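Input: a single structure, listed below in structure tokens.
The values are calculated or read from the model by the stated rules, or taken from the named source; none is laboratory data. It should be emphasised that the depicted structure is a prediction, and the values quoted were computed from it without experimental measurement. Counting neighbours? That spans all protein chains shown, and the Cβs are built from the backbone with ideal geometry, glycine included.
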């Protein structure tokens, strides 16, 4: 079994990895963590242009972005599960490699994708109402969710 990415050929080869651990791994949290720094960069840019920093708005916005980001990860993992080859993946492509080996998790992954999509929509609506933000945020979030 050839593995070009230096990752384990089967992430499920460890018997002590429970379902919750696998579901978290499928969400690829390292990308969400990296997204935090990009979100922070945007906040710093706004601060440099004279927009006052609002911690509540920052945290709410990041929660929205994180839910949408994880929704995309779970959606991608679910719909690519038949095409992803766990032996030919890298740290940034080919998915987590878990669903091809553990297909019984597919239903949970699909439900998480839907739940996170709904959460990001609700967070967007709440953001608009709480911070008197432009309502154009909602179709922007919906477009991103549907395109994922």
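Here the condition is being within 30 Å of residue 99 (Cβ to Cβ), out of contact with any strand residue (DSSP E or B) (no Cβ under 6 Å at 6 or more places or on another chain) and at pLDDT 95 or above; of 83, 63, it holds for 63 alone.
Exactly one residue out of 105, 99, 129, 59 is part of a helix (DSSP H, G or I) and in contact (Cβ under 8 Å) with a residue 40 or more places away in the chain, and it is 105. Tell me yes or no: at least one residue of the stretch 46-55 is in a helix (DSSP H, G or I), in contact with a helix residue (DSSP H, G or I) (Cβ under 8 Å, 6 or more places away or on another chain) and either closer than 25 Å to residue 143 by Cα or at pLDDT below 90 (or both). For the stretch 46-55, residues in a helix (DSSP H, G or I), in contact with a helix residue (DSSP H, G or I) (Cβ under 8 Å, 6 or more places away or on another chain) and either closer than 25 Å to residue 143 by Cα or at pLDDT below 90 (or both): absent. Considering the stretch 108-126, and only residues there that are within 16 Å of residue 20 (Cα to Cα) and touching a residue at least 60 places away in the same chain (Cβ under 8 Å), the residue that is surrounded by the most Cβ atoms within 10 Å (Cβ to Cβ) turns out to be 109. Residue-level check: of (1) at pLDDT 90 or above; (2) at positive phi, residue 109 misses just (2).
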